[in-house]
Structure formats: C-alpha cells, structure tokens
Amino acid sequence: MGVYKMVNDNVQAAERSAGPDTDARQADILAKQPRILPLTGVQAAAAIVENTRCLRNDILGDDGPALELSEVPEIIPTLMRPPDLWNRVCDLSIQLQARGVLAPRDRQLAAARLAWLCQAPYVWAEQVKHGKNVGLTSEDSERITTIAYFQNALRLRLPAGSIGLRAR
C-alpha cells in the first residue's frame with residue numbers, strides 16, 4: 001500500500017502543477033530556441049528518412065513504403081543528433097509499441113497522461129494525434145487531463161482516501 005500512496009501523492013502534486021499554468025508554460029517553451037538543434041543537410045536527411053523507416057518497420061512488422069522527409073516527425077532529427085540517445089529511444093519505442101502488453105488504446109492513454117503531467121506540449125500533441133489512430137476521441141483527450149478519468153480508463157486500483165475516489 002505504501003507504493004500506491006507514494007504514486008497517488010506524486011500524481012496529486014503533478015495535477016496541481018499541470019493546471020492553469022499550461023498556457024504560460026507553452027508560451028515560454030515556444031519563445032525559446034531549441035536546446036539541441038536537429039541534424040541538417042542532405043546526408044542527414046537520407047539518414048533521418050532511413051532510420052525512421054527502419055523504426056516504423058520494426059514496430060509495425062512490415063517493410064512499408066519509403067518515406068519522404070516531410071513525413072518524418074520533426075523530433076526525429078533532434079533525437080538522432082546524439083546517436084546513443086537515438087538508439088535507446090528506438091529500443092524503448094520498439095519494446096513498448098511492438099512488444100508491449102498494453103492494448104494500443106491503453107498505451108496511448110498512459111502516454112498522453114504522462115505527457116500532460118510533464119507539461120510537455122509537443123509530446124502531448126503527438127500523443128493526442130497518435131491516440132486518434134487507436135480510437136481516442138477529442139473528449140478522451142480532454143478527460144485525460146483529470147485524474148479520475150485516467151485512473152478509471154485504465155482500471156487502476158485506487159487506495160482508500162484517493163483523490164480519484166472522491167472524483168467519481
């Protein structure tokens with residue numbers, strides 16, 4: 001029960017900090033230059049397209065069509081700058097998306113909730129977009145921002161006295 005209380009306390013703290021300041025946080029993020037610049041150039045473009053194709057193939061289990069650079073998510077060239085980071089992101093993505101035990105809809109609920117709690121506007125938007133591919137609605141995306149909906153959607157066990165129990 002101690003772990004559940006600790007998790008619940010952390011979620012409650014994140015809820016308080018993820019509230020009305022979200023717009024201010026996004027404005028602050030968008031007003032600054034990226035800390036890590038993306039790879040650029042013709043050689044980098046070819047590597048970006050090929051690495052993204054390989055990652056998609058590993059996740060989807062097929063050898064899909066070639067991608068255009070415009071189809072590659074804009075975060076990929078940034079993640080590829082440090083090769084060790086890119087390799088670890090690929091390994092984690094393949095494990096969670098191709099071999100994970102959660103159903104795709106539940107996986108997207110969890111990923112979107114985490115992005116919301118981290119106050120990460122880019123990641124939040126990406127998870128909402130990907131969520132629509134697995135059946136999440138705009139209403140689901142709105143409800144993810146509240147603790148009760150998220151815990152109920154994933155059928156998480158709530159400890160006695162949980163804020164989620166009071167919200168039902």
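Order of 68-80, 31-43 by packing, highest average Cβ count within 10 Å first?
68-80, 31-43
Net charge around ASP58, counting only other residues with Cβ within less than 13 Å of its Cβ (Lys, Arg = +1; Asp, Glu = -1)?
With Lys, Arg at +1 and Asp, Glu at -1, the neighbours total -1.
With the Cα gyration tensor of the stretch 34-100 giving a ≥ b ≥ c as the square roots of its eigenvalues, does the rule (a/c under 1.5 for rounded; else a/b larger than b/c for prolate; else oblate) give rounded, prolate or oblate?
Verdict is oblate for the stretch 34-100.
Find how much the distance from GLU71 to VAL134 grows on full extension, using 0.36 nm per residue of separation minus their present alpha carbon separation; answer in nm with one decimal.
Between GLU71 and VAL134, full extension yields an extra 20.8 nm.
Would you kindly state how much longer the chain becomes between ASP63 and GLU142 on full extension, computed as 0.36 nm times their sequence separation minus their alpha carbon distance, in nm to one decimal?
24.9 nm
FYI, it's all coordinate maths here, none of it is from the lab. Keep in mind that this is a model prediction, so the values were computed, not measured. Here the Cβ is made from the backbone with ideal geometry for all residues, glycine too, and neighbour counts use every protein chain on show.
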